[in-house]
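The next block holds one structure in the form of C-alpha cells; read it before the comments.
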Amino acid sequence: KKRRSAAPRANRSTGPPCSAVARFGATMATRICEPGGAGMMFPMGGDFEANLHWFPRGIMYAAGMVYFFLGISIVADIFMSSIEQVTSRRRRRLIDGGRGGFRTEKLWNETVATLTLMALGSSAPEIFLAIIDTVKKRFHFGTLGPSTIVGSAAFNLLVIVAVCILVIPSDEVRVISNLPAFYITAAFSMAAYLWMAFIILGVSKDIVEIWEAALTFLLLPVLVYVSWKVDTGALDGVLTRLGIIDADKEEASSASEAGFFCFEKQDLRIAGSPEKQDVEIDVVLRREGGAPPALVGAARCRFRTEAMRAVPGYDYQETEGIIEFAPGEAWQRIQLHLPPKAWRGSDVDFLLILEDAEGGPGFDPDDDGGDESAILTVVLGAHGPRPGLVQKNVDALFGLDALALGGSQWVEQLRNCRYVNGSAEEQQDASPKDWLMHIIAFPWKALFALLPPTCLGGGWLCFVASLLGIALLTAGVSDLAELFGCVLDVPDIITAITFVALGTSMPDLFASISAAKDDPTADASIVNVTGSNSVNVFLGLGVPWTMAAVFWQVQGRTPEWEQMYPEVAARISGAAFVVEGGDLGFSVIAFCFVCMLALLLLHLRRRWLRAELGGPTVAKHASAGALLVFWLGWVAVVGCQVLRFGRPGADASEAAAAFSAAMALSLLVAAGAAFLIRQNRFTDESADVATTKVCAAGGGVIATVGGGDAAAAAAAGGSAIGAADTRAWKDAKSVKGNSYSARSPGQDFDFVGVGGQQVGLGGTTQRTCSALYCGFIYKIFLGNP
C-alpha cells in the first residue's frame, strides 16, 4: 500500500505542464525522484528508495542538504586559507632602475585579489551549482543554478546586512572606509542583475545568444579593471566630479615630530653556518635631520617575520612580538634565531616587518614598506658541501625544506582532525556542544584533512584540491535539492531561492557577523556583499551560459530539441540555448527593486547617522527590520508568481494588483524606516560616545570635546584639543599653546597639525583618525575613544 501511495506523489510535475523542463523530463529522462531516475550522485538507493513514501524521503533529502552544506563550509574555509596564502606572496621591485632602492610589494593587488580569488572563494558553491545544473541538463536550461544565484544575492544584501546592523552595540558604529569600492561594486551589482533580466526578457526573448553570454563573463574583467584603476588613484578626477571623494583632501606630511620606526638598513646578509646562530637586529627611532624624537609617553610597534624563499623552522625560527620605546630611547633590538643547518644549496631570504605603530611615531614613506610598515630583507647565504645534480634540481624546483615542512604539516593535520577544536589542548576545554558538532562533522574533517597543506606549491595545490572538493559537494547538493523539490512537488526556483540560497550563504553570514564585530570598518560586511553579488552573475551565469550557447551553435538542431522548443524552432533557423525564464526574469526584476531600496537605506544611514552599521537603537532596528521585510516580501512575491500568477490561465489583472500592492507596501516600509532613521540620528544630547561627544585621555589629562554646540573643547593642564562642529563640520582651534584644528571635508576626518605639532590623518572615507598630542595617540572612531 505504501508503494502504491508513493508513486502518484512522485509522478507529479514540479512546474507548469507546458514548461521546457517538464517536456525535457518527459522526452529525455525519467524524473530524478521516480523509479529509474538518476542524478550525478543521488539517489543511491535505486528503485527501493524511489518507492518509499514521499514524507521520509523529503526529510532525508533536507537533512542531506544540510549535511552537505556543513561539508561545503568546512572545505570553503580551507579554500579561503589557500587563497590567503596565494595572495600573501611578495616580491622585490627595483625603484628607478635600482637608484631608488627596492620596494617589497605583494604579487597580488588587493583589489584584484578581492574581486577574483576572494570572490571566487565566497561564491564558489553558487557558481558550481549553476555550471553543474547546466551540464546535468545536457546544456539545456535549468532553473536551480540561476535561481540560487538570485536568491543568494537577495539573502546577502538584505539578510546579512540587516544582521550586521543589529549585532553592533547602539553606542558603536561601523563605517565603509573604501567608499569608491562600495559605489563601484554596488553599481556593477545592479547592472549585473538588470543585464541578467535584459538577456532573459529582452530582444532575444527566451534565447541566450553567444555574444550575450560572453559579454556577461567579460563584465568581470571590466569590474576588476575599473576597481583597480580606482585603487591606484587614476580615476580620482572622475570620482571627485561625482562627489564620491573630496577634492580638498589634505595630504599628510612625510615628516613626523615624533619620528619614524625604521631599520638601520633595508638589507641584511648573514653568512650560512652549520651551527645555531642568534642575530640581533637594531630598530631605531629617528627624525628627519637627525633631531631626537619628540616623545613624551611610550611608543611601540609590532614585529613579525614572513617567509620569502626561506622556510620557517628550517632556515629561521618564526618570531613576533612588540617593541616599546620609553621617552628618551632611540633604539631597541630584536633577536632572530637561525637553527643549525648542515647545508644550503642557494641563497634564501625572509622578511622582518615592523607594523601597527602606536604612541606617535610612524613609518618613513621613503623606506621599504612605505608609510604602513618598515621591512628588512634578511638574506641567508648558501653553505656546506655541494649537492648532487638531482638533489640540486629538486631543491631548485620544489625546495627540499618546503617539501619536508609540507609533509610534517600534512601529518599534523591528519592527526589533529580527530581532536575537538583541532588540538588535544583545546579538546580539554571543549563543551558538550563542541563534542556534538565534532562528532557530526568528523567525516568531513577526516576527508578534507587529506587535502595538501597551504605551504606546498605556494598554496596553489591546496587551492585546486579544495576547489575540486567544493565542486564535488555542490554536485551532491544539486541532486539533493532536485530530489527534495521533486518528492514535495515544489518547483526548483522556490527550492533555490529559499533552502539552497540559505545553505550556500550561511558561511558568508557567520563570516560577516564576525567581521562586523571585530573589524573597525564595515567594508568586509557590506562591500564584500556587493562585490560577491556581481561576481555571482558574471561567473555563475557567464561561464555555463557561454558553454551552452556555444554547444548548441556547434551541435545544431536535433529532433529532441525541436520537440522541447517547438515555438522557438518555428521562430529561428538552427538551434540556440533556450532560456524560458519568465519566472526567473520576474524574480530578477523584483530583486532589482528591493536592491535599490536597500542601497537607498544604506545611503540615508550614511547621510544621517554617518555610518552603515550600528547606531542608535531605534534607527538600527528600523533599518534592519526594513531589510528583513524586503527579503520576506521578495520571497513571498516570487512564490506567488511561480505558484499562482505565472501559471497558464492566471488572471493578469489580479496579478498586477497584487504586485502593485507589494511595491507600495515596500515603499511605505522604506519611507517609515527613513523617517525613524532621521528622527533618531545622533544629536549632541543623545550621542554619548558616538559622534558628537569625543573623549581623549593621555598623560593624566582628560580632554572632552562636545557640549551643547559641539564646537568648543576644554582640557586641564594648559593644553586643549580642538573640536569640529559635528553637524556643520566647522573648523575649530584649541587654546593655550598647543593648537590643533579638526575638519571633515566630505566623509572623513582630516586632522591637520597647527603650531608645529604633527597630527595623524584619517582615511579617505573612514571616520577614524589618530591625533598626535605630546607623543600620545588619540584614536577616535566616530567619537569612540
Please count how many residues of the stretch 471-519 are within 20 Å of A50 (Cβ to Cβ) and open to solvent by 30 Å² or more (accessible area, probe 1.4 Å). 4
So which residues in the stretch 105-163 are of a type in the set (A, V, I, L, M, F, W, C), in a loop (DSSP other than H, G, I, E, B) and either touching a Ser or Thr at 6+ places or on another chain (Cβ under 8 Å) or under 25 Å from W631 (Cβ atoms) (or both), if there are any at all? L107, W108, F141
Of the conditions (1) of a type in the set (F, W, Y); (2) free of Cβ contacts under 8 Å to residues at least 60 places away in the same chain; (3) open to solvent by 20 Å² or more (accessible area, probe 1.4 Å), W343 fails just one. Which one is it? (2)
Could you tell me whether any residue of the stretch 68-79 is part of a helix (DSSP H, G or I), under 27 Å from L502 (Cα atoms) and open to solvent by 50 Å² or more (accessible area, probe 1.4 Å)? yes
Only one of these is modelled with pLDDT under 55, open to solvent by less than 40 Å² (accessible area, probe 1.4 Å) and not in a helix (DSSP H, G or I): G37, G15, G25. Name it. G15
Within the stretch 571-606, residues part of a helix (DSSP H, G or I) and out of contact with any helix residue (DSSP H, G or I) (no Cβ under 9 Å at 6 or more places or on another chain) come out as R571, H603
Can you tell me which condition A430 does not meet? The list is (1) part of a helix (DSSP H, G or I); (2) more than 27 Å from the chain's Cα centre (by Cα); (3) surrounded by fewer than 20 Cβ atoms within 10 Å (Cβ to Cβ); (4) free of Cβ contacts under 8 Å to residues at least 60 places away in the same chain, and all the others hold. (1)
Please enumerate the residues belonging to the stretch 553-590 that are open to solvent by 10 Å² or more (accessible area, probe 1.4 Å) and within 16 Å of V135 (Cβ to Cβ). V554, Q555
Restricting attention to the stretch 451-470, which residues are among the hydroxyl-bearing types (S, T, Y) and either surrounded by fewer than 22 Cβ atoms within 10 Å (Cβ to Cβ) or farther than 24 Å from M308 by Cβ (or both)? S466
Quick test for you: out of D395, D349, D368, D356, pick the one residue that is of a type in the set (D, E, K, R) and within 13 Å of F263 (Cβ to Cβ). D368
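Here's the yes/no breakdown for (1) at pLDDT below 95; (2) farther than 23 Å from V159 by Cβ; (3) open to solvent by 30 Å² or more (accessible area, probe 1.4 Å):
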| residue | (1), (2), (3) |
| --- | --- |
| H621 | no, no, yes |
| A626 | no, no, no |
| W631 | no, no, yes |
| V642 | yes, no, no |
| D651 | yes, yes, yes |
| A655 | yes, yes, no |
| A658 | yes, yes, yes |
It is to be established whether one or more residues within the stretch 151-164 are open to solvent by 10 Å² or more (accessible area, probe 1.4 Å) and either without any contact (Cβ under 8 Å) to a residue 24 or more places away in the chain or over 21 Å from the mean Cα position of the chain (by Cα) (or both). no
With the checklist (1) closer than 30 Å to L436 by Cα; (2) crowded, with 16+ Cβ neighbours inside 10 Å; (3) of a type in the set (G, A, S) in hand, flag the one item S88 doesn't pass. (1)
Search result, residues across the stretch 447-479 that are closer than 28 Å to A130 by Cα, part of a helix (DSSP H, G or I) and aliphatic (A, V, I, L, M): L447, L461, V464, A465, L467, L468, I470, A471, L472, L473, A475, V477
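The values are calculated or read from the model by the stated rules, or taken from the named source; none is laboratory data. Worth saying up front: this structure is predicted, and the values here are computed from it rather than measured. A quick note on method: Cβ atoms are made from the backbone with ideal geometry, for glycine too, and the neighbour counts reach across all protein chains shown. Side chains included, ligands, DNA and RNA excluded: accessible areas come from the protein's heavy atoms. Shrake-Rupley method; radii C 1.70, N 1.55, O 1.52, S 1.80 Å.
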